[in-house]
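Just below is one structure, and these are the notes that go with it.
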Amino acid sequence: MIYRLDNIDRFNHDLGIETLHPLVTVCNLKDVPNRELFDNEVTWHYSVYAMFLKNTRSCLLHYGHKDYDYSDGTVTSFAPMQTVTATPIPGLDHDVVALIFHPVLIRGTSLGQNIANYSFFHYSSSEALHMSERERRLFLDCIDQIKRETERPIDKHSRRLISRNIELLLDYCMRFYDRQFITREDENLSVVAQFEQLLTEHFSNSEAVFMNGLPSVKYFADKCCLSANYFGDLVKKQTGKTPVEFIQAKVIDIAKEQLHSTSDTVTEIAFRLGFQSSQHFNRYFKRITSLTPTEFRKQSRSA
């Protein structure tokens, strides 16, 4: 079954619950009268933002090519344009707290301006937030405040106040994810080591570099079986550098070595590093080093 979650009122109607605000809903899925959407395998297409706190292991999620079996107390987050398939586990209830809000709700608000900073909306299902009991209580306190606000008569303050409370919830989630990166430090350091090794291997294969060009962050994230956003946040938290900065540093180091120790032309070096043109390589090199490749070659050989 395919379900397009793009309308709050229709979603509430399909669950059999009242719509208190046309742009946001808060509910516990175990309490909804109509559970057909959760008792069957459903592929969800999101045009809204959605967060689910799973208090019990209630389903398997299939996101891309990976499955994830949820344990108690995890939060999954989805953004517009994402697709995920949920398969229920027979015999288990649906103790799942849901917050779903339409992009129109936050348009023109502080949250709307900063929503891109909450990168966990673009993490894969296997990168869910695992919370402690204290964190879970904080999460639920924020959810309760949002729900109370939706239960008030809608007035000119409603949208701003609801958005502020959602923003507070998302800020807490950012804090909890920072803690999760720390508690998984050994695992995360192995990812960084793998990234560094993949970088070296990539540029050691001149034919692959020539065919595929400069590698992207997504290329390395896929190799590490992580989403690009989670991979980027992980590397940044562990090293203080973004993956893009790592890639740039590697490219520049190799370029400097070849400019200094070979007589190859700038164009030959550019193509060997995966650039489509020497002009692109020149701009890239100068932006990072403040020198053109030719200027660097002259300077390094005269030193």
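Conditions (1) among the hydrophobic types (A, V, I, L, M, F, W, C); (2) buried (at least 16 other Cβ atoms within 10 Å of the Cβ), marked per residue:
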| site | (1), (2) |
| --- | --- |
| GLY213 | no, no |
| ALA221 | yes, yes |
| ASN229 | no, yes |
| VAL235 | yes, yes |
| ALA249 | yes, no |
| ILE252 | yes, yes |
| THR262 | no, no |
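Conditions tested, residue by residue: (1) open to solvent by less than 40 Å² (accessible area, probe 1.4 Å); (2) more than 18 Å from the chain's Cα centre (by Cα); (3) modelled with pLDDT of 90 or more.
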| position | (1), (2), (3) |
| --- | --- |
| VAL96 | yes, yes, no |
| SER110 | no, yes, yes |
| GLU133 | no, yes, no |
| ARG160 | no, yes, yes |
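Filtering SER206, SER190 for residues that are open to solvent by 50 Å² or more (accessible area, probe 1.4 Å), touching a residue at least 40 places away in the same chain (Cβ under 8 Å) and over 16 Å from the mean Cα position of the chain (by Cα) leaves a single hit, SER206.
This table checks each residue for (1) over 19 Å from the mean Cα position of the chain (by Cα); (2) assigned to a helix (DSSP H, G or I); (3) free of Cβ contacts under 8 Å to residues at least 60 places away in the same chain.
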{"site": "GLN113", "(1), (2), (3)": "no, yes, yes"}
{"site": "PHE121", "(1), (2), (3)": "no, yes, no"}
{"site": "SER126", "(1), (2), (3)": "no, yes, no"}
{"site": "ARG136", "(1), (2), (3)": "yes, yes, no"}
{"site": "PHE139", "(1), (2), (3)": "yes, yes, no"}
{"site": "ILE143", "(1), (2), (3)": "yes, yes, no"}
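Of the residues making up region 103-146, those that are within 18 Å of LEU23 (Cα to Cα) and basic (Lys, Arg) number 1. Restricting region 190-220 to residues that are among the small types (Gly, Ala, Ser) and either in contact with an Asp or Glu (Cβ under 7 Å, 6 or more places away or on another chain) or farther than 14 Å from LYS250 by Cβ (or both), the residue that is modelled with the highest pLDDT is ALA193.
For region 272-303, taking the residues that are over 14 Å from ILE252 (Cα atoms) and among the basic types (Lys, Arg), the one that is surrounded by the fewest Cβ atoms within 10 Å (Cβ to Cβ) is identified as ARG301. From the list SER227, SER216, the lone residue that is without any contact (Cβ under 8 Å) to a residue 24 or more places away in the chain and of a type in the set (S, T, N, Q) is SER216.
Selection of helices (runs of 4 or more DSSP H) fully inside region 193-275 by the criterion of at least 3 residues being of a type in the set (S, T, N, Q) returns 228-239, 243-261. The residue that is surrounded by the fewest Cβ atoms within 10 Å (Cβ to Cβ), counting only those in region 146-158 that are over 19 Å from GLY112 (Cβ atoms) and touching a residue at least 12 places away in the same chain (Cβ under 8 Å), is GLU151.
The values are calculated or read from the model by the stated rules, or taken from the named source; none is laboratory data. Bear in mind that the values here come from a model prediction, so they are computed numbers and not experimental data. Heads up, the Cβs are rebuilt from the backbone with ideal geometry, glycines too, and the neighbour counts pull from every protein chain shown. To get the accessible areas, we keep the full protein, side chains included, count just its heavy atoms, and leave off ligands, DNA and RNA. Shrake-Rupley method; radii C 1.70, N 1.55, O 1.52, S 1.80 Å.
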